[in-house]
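*Asks:* The structure follows.
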Amino acid sequence: MKITVLDGFALNPGDLSYDSLKEFGEVKVYPRTNAEDVVSRIADSEAILLNKICITEEILCQCPKLRYIGVQATGFNVIDLVACKKHSVTVTNVPSYSTSAVAQLTFAFITEFASRVSVHNESVFLGDWISSPDFCYWKTPLCELEGKTLGIFGFGNIGQRVERIASAFGMNCIVTTRTPNPQIKNPVDFETLLKESDFLTLHAPLTPETQGIISSKTICKMKPSSFLINTARGALVQEEELSYELLQGTIQGYAADVISEEPMNPKNPLLKVPKGKIILTPHIAWAAVETRKRLLEIVVENLRCFLNGNPQNVVS
């Protein structure tokens, strides 16, 4: 079997190894692949692995040997699943591998807004503490998380883990989800979620119903003192409208690990927002070495199960 990895650098920039794939056949790993090079690189492959490379009907028509696509991520919107079914190509993904890491980053954002660690660290190294007439000072208002309300939009594995962490901080959690779940202690509708949350964190999938759900219309229903966190999908947010509301002070801040177009476009309106109101990280929630190691192990196991005639994590 010929196996081709089209954009292997993201999962493995050099601290892991794709050698475990060699038990299944010949392996070729490309760190990155431009759209125009996809067909030439996989034309005679039976299995391909990828993260963000689009696979279309046009590509599949030119790759008659292809039997398997392993998405090295949870999201699989880059794959034309209808076309894959038509061409008898099995597609798998990797669900739930990053639960702990995404929940961890979510609370890194929340605690940064509460305690402003980076702001005060920068201040100290600028000499402000040295020149202070007092033994302590603070540059911005600070707050305790205990007693604050955390709104969770989406209650899959990550949303549930976030709730557990929030409870340890003494926060009150309210949840909006499309799937009824008896584990939810305080389910609320979306309108209530917006109005009551001191921190609102997004953990819902991107669907036609959720795309752009955070807009001026919904932001204006939030508390002026509230903060919005997004570690789910950039397109859940209408970035132009959010940027405007942040500049107007409609809410206090926004933190995100995802944006609508990645890599970031230099014209993205979020770049106009002052640093004190916004925190942006370059899609790193999944980047911990333990997280990527777990991901790679499941990628390999997905392929093994497919070859053994018992595929797992199948999405098409």
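*Asks:* Per residue, what volume in Å³ does the Cα convex hull of region 1-140 take up?
*Replies:* Working: hull volume 22.8 nm³, N = 140.
It comes to 163 Å³ per residue, whole-number rounded.
*Asks:* Moving to a separate point now. So how do 61, 136 rank on accessible area, 1.4 Å probe, biggest first, that is with the largest at the start? Numbers along the way, then the final one.
*Replies:* Details: 61 80, 136 50 Å².
Descending order: 61, 136.
*Asks:* Further, regarding this structure: Provide Rg and Dmax in Å for region 50-117, with only Cα atoms included in the calculation.
*Replies:* 17.7, 56
*Asks:* Let me ask something additional. Can you compute 3J(HN,Hα) from phi for each residue in region 193-206, using the Karplus curve 6.51 cos²θ - 1.76 cosθ + 1.60 with θ = phi - 60°, rounded to whole Hz and x for Gly and Pro?
*Replies:* Values, residue by residue: 4, 4, 6, 9, 7, 7, 10, 10, 10, 9, 9, 9, x, 7 Hz.
*Asks:* Would you pull out the residues with amide H under 5 Å of residue 49's amide H, same chain only if 5 or more places away, H placed 1.01 Å from N?
*Replies:* For residue 49, whose amide H was placed from the backbone, the distant partners under 5 Å are 4, 5, 6, 70.
*Asks:* Please give the net charge around residue 315, taking every other residue with its beta carbon less than 13 angstrom from that of residue 315, where Lys and Arg add +1 and Asp and Glu add -1.
*Replies:* Taking every other residue near residue 315 into account, the sum is 0.
*Asks:* What number comes out for accessible area per residue over region 194-306 if the probe is 1.4 Å? Units Å², please.
*Replies:* Computed with neighbouring chains in place, this is 45 Å² per residue.
*Asks:* Students often get this wrong, so check it: of 22/293; 139/223; 52/267, which have C-alpha atoms separated by over 27 Å?
*Replies:* Long pairs (Cα-Cα over 27 Å): none in the table.
*Asks:* Then there is this: So which residue, out of 27, 124, 78, gets the largest mean-square fluctuation from a GNM of the chain using Cα contacts under 10 Å as springs?
*Replies:* 124
*Asks:* Now a separate question. Need one number: % antiparallel among DSSP beta bridges in the chain, to the nearest 5. Let's see the in-between values first.
*Replies:* Details: 1 of 38 bridges.
Roughly 5 percent of the beta bridges in the chain run antiparallel, per DSSP.
*Asks:* Out of residues 5 or more away from residue 254 or on other chains, whose amide H comes under 5 Å of its own, with H placed 1.01 Å from N in the peptide plane?
*Replies:* 228, 278, 279
*Asks:* Further question on the same structure: At 10 °C and 1.306 mPa s, what whole-number value in µm²/s does Stokes-Einstein give for the translational diffusion of the chain, with Rh from the Kirkwood sum over Cα pairs?
*Replies:* After rounding, the answer is 74 µm²/s.
*Asks:* Specify the residue with the greatest mean-square fluctuation among 134, 189, 37, computed from a Gaussian network of the chain linking alpha-carbon atoms under 10 Å apart.
*Replies:* 134
*Asks:* Nothing charged except the Cβ atoms of Lys and Arg (+1) and of Asp and Glu (-1): what's the magnitude of the dipole of the chain about its Cα centre? Round to the nearest 20 debye.
*Replies:* With only Lys, Arg, Asp and Glu charged at Cβ, the dipole is about 340 debye.
*Asks:* Also, I was wondering about something else. Expressed as a rounded percentage, what relative contact order does the chain have, with Cα pairs under 8 Å and six or more residues apart?
*Replies:* Relative contact order of the chain: 16 percent.
*Asks:* Let me ask something else about it. With a/c under 1.5 counting as rounded, go ahead and sort region 171-304 into rounded, prolate or oblate using the C-alpha gyration tensor (a ≥ b ≥ c being the square roots of the eigenvalues; past the cut-off, prolate if a/b is larger than b/c, else oblate).
*Replies:* On the way: a/c = 2.01, a/b = 1.23, b/c = 1.63.
Oblate is the answer for region 171-304, as a/c is 1.5 or above yet b/c matches or exceeds a/b.
*Asks:* Round to the nearest 10 and report in Å² the accessible area of residue 30, as given by a 1.4 Å probe over the protein chains' heavy atoms.
*Replies:* Number for this one is 50 Å².
*Asks:* What ³J(HN,Hα) values, in whole Hz, does the Karplus curve 6.51 cos²θ - 1.76 cosθ + 1.60 give for region 68-82 when θ = phi - 60°, with x put for Gly and Pro?
*Replies:* The phi angles translate into 8, 10, x, 7, 8, 5, 7, x, 10, 5, 7, 9, 7, 5, 5 Hz.
*Asks:* Helix-only estimate, please: 222 nm mean residue ellipticity of the chain, summing -39500 (n - 2.57) across DSSP H runs of length 4 or more and dividing by its residues, to the nearest 500.
*Replies:* Dividing the helical sum by the residues of the chain leaves -8500 deg cm²/dmol.
*Asks:* So, one more: At 1.4 Å probe size, what's the solvent-accessible area of residue 144? Round to the nearest 10 Å².
*Replies:* Accessible area of residue 144: about 130 Å².
The values are calculated or read from the model by the stated rules, or taken from the named source; none is laboratory data. For clarity, every value in this text was computed on a predicted model and none was experimentally measured. Cβ sites come from the backbone with ideal geometry, for glycine too, and all protein chains shown count toward neighbours. Surface accessibility is based on the protein's heavy atoms, side chains included, excluding ligands, DNA and RNA. Shrake-Rupley method; radii C 1.70, N 1.55, O 1.52, S 1.80 Å.
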